[in-house]
Amino acid sequence: MIKLAAGRFGKAKAIEGFANAGGVHIHYRMEGSGPAVLLLHGNGENMGIFEPHIAVLKDRFTVVCLDTRGHGRSESGEEPWSMALFAMDISRVMDALSIEKAAVVGFSDGGNIALQLAISCPQRVTAIVPVGANAWPLGLGPMAWLSIHLSYVGLCLAAPFSKDLAHKRRQYALMVKEPKLNRIALEGITAPTLIISGTKDIVTRRHTQTMATAIPGASLLYQEGARHDDFITHPEVYLPTIMDFLLRVGEGQKGA
């Protein structure tokens, strides 16, 4: 086990490895110095999408990326996947790395996991930044919702004939059945929250506004003209705002 101070670290080279999360090995990478920030990717992706983000954030933060269970180099496990299970995985990875608390920046499903972690393990979260997140499946626009469901039906039919397609079915099942949050759950979030979305995101503007209204004290940023993946393809547009938010939250918590 790697021993680190709770939340703050000295200068360190990148560390990569696997942490045991309830018998499932979760692939992680840690780099930088300062308060801990977790970066969580979306459905069907892996931590590799965050290379540009790490390059910027590591000078002010200790950045921890991980491959969600069943993604990248992390094992899948036999349990049914859910945001609650993924949040528990993250808490166990934090235990393995001796990280007491962290801010969480999550994209798409990663943002959904960030919301779940703030609800399930509030003591571990200093702030959350859900980007392109939704709190329940019908938060997606009708065309995105229909496309996902049609793909899921096709994968259910094909899964018995292909291990790869069976795995893909598990990923799509998440988008069909999860997240399972509600307004009452969102109202219980106590961590400082910055919700980010684009005006052309697949998550509807109405749903994003509902989330921001439900979470006490949440800030909401709409990026004009931005689509769902723009946080990944154009990180330079988002990172200054996110860094400013995380630094302000950190200063406020120091004085509390």
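Read the figures in this text as sums done on the coordinates, not as results from a lab. Model, not experiment: these values are computed from the prediction. All Cβ positions, glycine included, derive from the backbone under ideal geometry; neighbour counts span all protein chains shown.
Computed per residue of the chain from DSSP H runs no shorter than four, each worth -39500 (n - 2.57), the mean residue ellipticity at 222 nm is -12500 deg cm²/dmol. When the chain is treated as a Gaussian network with alpha carbon springs shorter than 10 Å, the biggest mean-square fluctuation among 165, 97, 57 belongs to 165. Shape analysis of the chain yields a ratio of the Cα radius of gyration to the Kirkwood radius, Rg/Rh, of 0.95.
By count of other Cβ within 10 Å, fewest leading, how are 207, 41, 149 ordered?
149, 207, 41
Counting other Cβ atoms within 10 Å as a rough exposure proxy, the listed residues 15, 242 run 15, 242 from fewest neighbours to most. Derived scalar couplings between HN and Hα for the range 116-121 equal 5, 5, 5, 7, 6, 10 Hz in order, rounded to whole Hz, by the Karplus curve 6.51 cos²θ - 1.76 cosθ + 1.60 (θ = phi - 60°), x for Gly and Pro. Shown in residue order for the range 94-102 are the 3J(HN,Hα) couplings computed by the Karplus curve 6.51 cos²θ - 1.76 cosθ + 1.60 at θ = phi - 60°: 4, 4, 4, 9, 6, 9, 6, 9, 7 Hz (x for Gly and Pro). Taking a virtual spin label 7 Å from the Cα of residue 100 along the C-beta vector, which residues in the range 29-65 bring their backbone nitrogen under 19 Å of it? Of the residues in the range 29-65, 33-38, 61-64 have backbone N under 19 Å from the label point off residue 100. For the listed residue pairs 13/101; 101/168; 58/180; 13/168; 58/177, the alpha carbons are over 27 angstrom apart in 101/168; 58/180; 13/168; 58/177.
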